[in-house]
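The structure under discussion appears below in the form of structure tokens.
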Amino acid sequence: MARLERLVFGTIRRYRLLEGGDTVYVAVSGGKDSAAALWTLRRYIEVYPMDVRIVAFHIDLGFSTSGEVLRTVEALASKADVDLEVVHVGDFGVDVERAASTLRRPVCSVCGAVKRYLMNRVPRERGATKVATGHHMDDILVNFIKNLAGKHLDWIPKMGPKLVGTGRLLTKIRPLYEASGEEVAKYVRAVGLPVAKCPCPYTMGSCSYAKDTLEMVRSLSVRPGAVRTRHISTYLAIRGGLDKMEEGAPGIKRRTVRGIHELARRMGVPNPRYLAQCSTCGEPSSSPICTFCRIRVASQSGVGKTAEKI
Ligand code: SF4
Ligand code: ZN
């Protein structure tokens, strides 16, 4: 059994990520992290047979690269021998690029909000009990530091390997929680999982597409300060610091991510304001009309409206 599989299987057992009767929708983006999440979950129920259904779930964002991404996730689902379900943002009246322009927001910010919404709503409506994502240990550590630095403490209870859902919020699981980005990349290459070469024309966000580009920049040993974009520069600086820590004290990243889980657990359930309902669609929202509904309206409006905070 591969080292990454032993690691992920331990995470699944330690945090009870899978339970009999589960239907788990794995959000696949065409990138390597989500491919590894799907494959290792699939491998787990192969090695330890249990009554769990795994479904690959893809959100087509309607970008110029969507065709290649779609072919990649189809190949992945076929290799894993699981059903693939695809939703197109256009079918929900959303045009990510147009809404970003109307709202004068970065495309990644609009895209992230759309994905978070659909990743909760669609699987729940189709009978899923859990949704799985490809966030790995390095993502958790970088996001934890950024949230601390930005005093976004409300996010910390959401940073464990399993976020138990309430009401219309589905339970979210992160099977790669204790695996590093490098371990994941090595595994994906060794198994030969299909990964899109050019998954997205934008690379400023925190999703796996953007991270793949950042990993590439990183592998070229670019000094963080030499990179002009603030998001990339911050990411590289934190990742560089974490890697140095790991070199000097092997295992410190894994121990720290377990500490983050313990902190998230002790902080308890997320702030209840996140559990209010959108008056338009009825989905969970922190404001009277949810971000997704505002994006949908902006998708149908002309370009150049006053900037709006989403
Ligand atoms: Fe969306 Fe990620 Fe592309 Fe940004 S990089 S637009 S968050 S898919
Ligand atoms: Zn809404």
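The values are calculated or read from the model by the stated rules, or taken from the named source; none is laboratory data. Since the structure is predicted, the reported quantities are computational estimates derived from the model, not experimental observations. Cβ placement follows ideal geometry from the backbone for every residue including glycine, while neighbour counts extend to all protein chains displayed.
What to note about this one:
- A single member of 190, 179 is modelled with pLDDT of 95 or more, part of a loop (DSSP other than H, G, I, E, B) and of a type outside the set (S, T, N, Q), and it is 179.
Quick grid of which residues meet (1) away from ligand 1 (no atom under 16 Å from the Cβ); (2) touching a residue at least 24 places away in the same chain (Cβ under 8 Å); (3) assigned to a helix (DSSP H, G or I):
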residue	(1), (2), (3)
117	no, yes, yes
122	yes, yes, yes
127	yes, yes, no
141	yes, yes, yes
145	yes, yes, yes
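- Complete set of residues in segment 40-74 that are in a helix (DSSP H, G or I) and aliphatic (A, V, I, L, M): 41, 45, 47, 69, 70, 73
- Taking each residue of segment 169-181 that is more than 15 Å from residue 137 (Cβ to Cβ) and looking for partners that are of a type in the set (Lys, Arg) and modelled with pLDDT of 95 or more with beta-carbon atoms closer than 6 Å, six or more apart or interchain, yields 170/124; 171/130.
- Scanning segment 297-305 turns up no residue that is at pLDDT below 80, more than 29 Å from residue 66 (Cβ to Cβ) and either out of contact with any Lys or Arg (no Cβ under 7 Å at 6 or more places or on another chain) or away from ligand 2 (no atom under 16 Å from the Cβ) (or both).
- Single residue of segment 232-244 satisfying the filter (free of Cβ contacts under 8 Å to residues at least 12 places away in the same chain and under 12 Å from residue 141 (Cα atoms)) that is surrounded by the most Cβ atoms within 10 Å (Cβ to Cβ): 243
- Residue 293 away from ligand 1 (no atom under 16 Å from the Cβ), surrounded by fewer than 17 Cβ atoms within 10 Å (Cβ to Cβ) and at pLDDT 90 or above: no
Yes or no, residue by residue, for (1) within 16 Å of ligand 1 (Cβ to nearest atom); (2) modelled with pLDDT under 95; (3) touching a helix residue (DSSP H, G or I) at 6+ places or on another chain (Cβ under 8 Å):
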residue	(1), (2), (3)
32	yes, yes, yes
35	yes, no, yes
38	no, no, yes
62	yes, yes, yes
65	yes, yes, no
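- Hits in segment 82-106 (condition: under 19 Å from residue 67 (Cα atoms), within 14 Å of ligand 1 (Cβ to nearest atom) and not acidic (Asp, Glu)): 89, 94, 96
- Test: residue in segment 21-39 that is more than 16 Å from ligand 2 (Cβ to nearest atom), assigned to a helix (DSSP H, G or I) and surrounded by fewer than 22 Cβ atoms within 10 Å (Cβ to Cβ): no
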